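*Asks:* What follows is a single structure, and I will ask about it in a moment.
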Amino acid sequence: MKLPVLTIETTTLAALLLCSGFCPSVFAQATGRAVITISSGAADNKTLDPHRATSTDDKGVVSEMFNALVRFPPGSGDPKELQADLAEKWQASPDKKTWTFSLRKGVMFHGGYGELKAADVVYSMKRAADPGRSSFAANFELIDKVEAVDDYTVRFTLKYPDAAFLGRVSNYHGGNIVSKAAGEKLGDKFGQAPIGTGPFAFGEHVTQQYVKLVAYDAYFRGAPKLGGITYRMIPSDSARELAFTSKEVDLMAGKREQRWADSAGRRGMTVDIFEPAEFRTLFINRNIKPLDNLKVRQAIAAAVNVDEIVRYAGKDVADKGCSVVPNGYLGGDCSAGAYAYDVARAKKLLAEAGFPNGITVKSVVSNISAQQPIMEIVQAQLAKAGIKLEMEVVDHATYQAKSRQDQSALVFYGAARFPNADIWLTEFYDSASAIGAPGAIANFGHCAVADDAIRQARVEPDAQKQLALWKQAQQQIQADVCSVPLFGLKQVWVHSERVNYGYTLEGALNLQPPITELSTVTRGTP
């Protein structure tokens, strides 16, 4: 069977056909510059549209091609360190409801799509806020109006104050800026041939084999030192390690397990363990009986031994969760306490719910190393309480699709978001984000008990009152057992001694070490 290929040459031709008159060079020829080879463990990339890229594997590739108004400095995931990106400067009104950004001049889009203008920012933000075109629309509902004051000035008017607004327009998820002309031209196919302003441009995608990005020499921060990036699809952990040790791969995702990280270090690999931790949660889908029964949900929570799971994951890579909001997020509150592990109580609750002989539930589970082993532990724990967990183990893309089709009673999900309670609670616990809802994001449990507190906190201008509402929401969610918080799992990658990131790696919200215009590798040439 012939595999579909999107190539540098055909993409360049399409871009040139859009031009009237002279078009600048679309891609660097990159002669004499090394290409870095990366494997994230992906079987394939579903989309490279920055407003649709929700999976870890897609976000990493997207992050090399796009910019936002502001950015996290390479190697940092700290919101306090946000700095200018496509915007040179900005200012907020005293009430934090109006934000005005002044754009850099001379920033060029890939593929001959011209200079970045305010109209592109307006288009991008409206696109990011549109549930029909964006997976992050809920994060932009607070925008009342976004307008181009002139070609290089953009003004946002918010429905309510948001002191953390810069995080929403950062180089993370829906904050990335796309070309208006390319978006309108390509429509739903934008994710197959994305056009951004980043240091690397889309080159070629061969399904289930690789994605190639090429250096964009017109990048406003300077031409990349690398000639390009090749993302190889190697979902098998053992095959990926073999490719790394044989020097076919320069940078790869490792297993997020303490034992593996320790072993890799002993074998001479350079192991990077960095923030943010992806918060692992076991969502309980009340749309599937008998999980609509509170006592059954309480039984599941009592049967899960989180401490045992954290010991398995390891001290350097895992932090036990203390609330439904991840550790370290603004507004996280642990006052409700974690669920107590108590097998006898779990059995008693099941009997009280009318299931003295136990229950059987089904879960769709990804076969990736960061998920399947954990769910096998959960399966063994639940069995002690008379809860039989039937696992359908599938590839990660199928797991994502089936989970979003309400086919799983227990959904194990890991994610990292901008570290703010509002964004987390909105995405995972507001009923407007429930699977099947018009604005569906990732409320796999169909939780609705804390809607009022979540929504009141979102528009509360007083910081202390906002914290109190977030605390209330977390307590309500915990009491209703919408999920079982597990642990935060840090990122684990390995790079060869040939790689120099060009910065100090401490964090990366897009969950892979960023490759920038300053990154280098000493192996090979394109």
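Coordinate-derived values only; no laboratory data. Computed from a predicted structure; not experimentally measured. FYI the Cβ positions are ideal-geometry reconstructions off the backbone, even for glycines, and counts take in every protein chain you see.
*Asks:* Grab the other residues whose beta carbon is less than 12 angstrom from that of Ala261, score K and R as +1, D and E as -1, and report the net.
*Replies:* Net local charge, Ala261 excluded: +3.
*Asks:* Normalised by the residues of the chain, what does the relative contact order come to in percent, with Cα pairs under 8 Å and at least six apart?
*Replies:* That works out to 21 percent.
*Asks:* For segment 389-526, what's the relative contact order in percent, using C-alpha pairs closer than 8 Å and at least 6 residues apart?
*Replies:* Once divided by the residue count of segment 389-526, the mean separation gives 15 percent.
*Asks:* So what's the angle, to the nearest 10 degrees on a 0 to 90 scale, between helix 372-384 and the longest Cα principal axis of the chain?
*Replies:* The answer is roughly 10 degrees.
*Asks:* For Thr522, put the label point 7 Å out on the Cα→Cβ axis and report which residues of segment 213-250 keep their amide N under 18 Å from it.
*Replies:* What the label zone holds, given the 18 Å backbone N cut-off, is 225-227, 245-250.
*Asks:* What is segment 275-489's relative contact order, in percent, from Cα pairs under 8 angstrom and six or more apart in sequence?
*Replies:* It comes to 34 percent, rounded to a whole number.
*Asks:* Oh, and also: Which angle from 0 to 90°, rounded to the nearest 10, does the C-alpha axis of helix 463-480 make with the longest principal axis of the chain?
*Replies:* 50 degrees
*Asks:* A further question on this structure: Can you say what percent of the DSSP beta bridges in the chain, counting only those with both residues inside, are antiparallel? Round to 5.
*Replies:* Around 75 percent of the beta bridges assigned by DSSP in the chain are antiparallel ones.
*Asks:* Helix 118-128 against the longest principal axis of the chain: what's the angle in degrees, Cα atoms only, rounded to the nearest 10?
*Replies:* Long axis of 118-128 versus the principal axis of the chain: about 20 degrees.
*Asks:* Then there is this: How much net charge surrounds Ser236 when only other residues with a Cβ under 13 Å from its Cβ are counted (Lys, Arg +1; Asp, Glu -1)?
*Replies:* Value of the local net charge: 0.
*Asks:* Hey, rough spin-label estimate for Gln405 and Lys289, points 7 angstrom out along Cα→Cβ, what's it come to in nanometres?
*Replies:* My value for the distance between the label points is 2.3 nm.
*Asks:* Another question about this same structure. For segment 153-206 and segment 498-513, what is the separation of their Cα centres, given in Å?
*Replies:* Value for the Cα centre distance between the two parts: 22 Å.
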